[in-house]
Amino acid sequence: MTDSAIKMSGLRVRFRDRGREVEALAGVDLEVRAGEVFGFIGPNGAGKTTAMMVLLGFVEPSAGSATVFGEDVRRRIARERIGYLAERAEAYPFLTGRELLDTAGRLFGLRGAALRERVDGLLERLGLAGAADRRIATYSRGMLQRAGLAQALVNDPDLLILDEPTGGMDPLGRVEVRGIIADLRRRGKTVFFSSHELSEIELVCDRIAIISRGAILSGGETRALVARAASLEKYFLELLGADSPGGGGR
Ligand SMILES: Nc1ncnc2c1ncn2[C@@H]1O[C@H](COP(=O)(O)OP(=O)(O)O)[C@@H](O)[C@H]1O
Ligand SMILES: [Mg+2]
């Protein structure tokens, strides 16, 4: 048996982009334990989304392997315990919030009273009960993100993979998402989320890994890393500065 929620071993992904080879992941080793909130930090283009795509079975690794709760990600069963919030949550603007969750629940085979109960519960928990019957087109950015989170939770997953869940949100929205993540941890869920907003990672993550150019530069307990530098931001900038002396991102 294993208490690891995610395990990546020597994970490599190569993309071909207009004839050019891009190594999005260059041999990533990473383990996320069941029940922890894990922050996956790195600048744009570092490989965060690619790693998540591998976990979801959308991208085939060119070398190495990945498991979710001990199951190889190439097996369908590995995906059944995952809830996923995409970087750009493609919502359906013509649906109401309730219809969105209803549709998502049906995809997971929920029907009748069980479906209604799940949908009502999520609308309540994510503060969308009052807006449930409004079209998503009228939602604010924060509400959209909460609807996306509700959708990711509809199958009651054990592992939440959230790709930049606070991207583009105002401070109030970010506080809300932090609260939701804290609530998920209390319920014993594992949360693996990416961000480049360090201040909040510092507040919510048990452990983190820092990725740049497809490789893990550093990782460990958030508290220990923060203690090493004045803040996570300082530590991050020092690391990345050492990684790219030219200072030019990509
Ligand atoms: N489908 C794709 N085809 C070609 N290159 C890609 C593709 N997806 C991502 N990449 C490249 O892989 C690298 C990692 O991208 P990504 O995983 O999206 O980074 P992040 O999520 O950390 O911003 C980038 O150089 C990006 O341009
Ligand atoms: Mg990304």
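The values are calculated or read from the model by the stated rules, or taken from the named source; none is laboratory data. All of these numbers come straight from a predicted model, not from anything done at the bench. FYI the Cβ positions are ideal-geometry reconstructions off the backbone, even for glycines, and counts take in every protein chain you see.
The set of residues in segment 122-145 being at pLDDT 90 or above, in a helix (DSSP H, G or I) and exposed (fewer than 14 other Cβ atoms within 10 Å of the Cβ) consists of GLU124, GLY130, ALA137, THR138. Counting the residues of segment 39-82 that are more than 16 Å from ligand 2 (Cβ to nearest atom) and of a type in the set (A, V, I, L, M, F, W, C) gives 8.
Scanning segment 42-72 for residues that are of a type in the set (Val, Ile, Thr), within 16 Å of ligand 1 (Cβ to nearest atom) and over 24 Å from ARG146 (Cα atoms) returns VAL54, VAL59.
Just to be sure, is ILE211 part of a helix (DSSP H, G or I) and modelled with pLDDT of 90 or more? Give the steps one after another, and end with the answer.
Numbers: part of a helix (DSSP H, G or I): no; modelled with pLDDT of 90 or more: yes.
So ILE211 does not fit the description; no.
Does segment 107-116 contain any residue that is under 13 Å from ALA152 (Cβ atoms), assigned to a loop (DSSP other than H, G, I, E, B) and not basic (Lys, Arg)? Yes, there is a match, as at least one residue in segment 107-116 is under 13 Å from ALA152 (Cβ atoms), assigned to a loop (DSSP other than H, G, I, E, B) and not basic (Lys, Arg).
If we keep just the residues of segment 43-59 that are under 8 Å from VAL13 (Cβ atoms) and of a type outside the set (A, V, I, L, M, F, W, C), which is surrounded by the most Cβ atoms within 10 Å (Cβ to Cβ)? Only one residue fits best here, namely GLY47. Of the strands (runs of 3 or more DSSP E) that lie entirely inside segment 2-87, those containing 1 or more residues that are more than 15 Å from the chain's Cα centre (by Cα) span 4-17, 20-33, 63-68.
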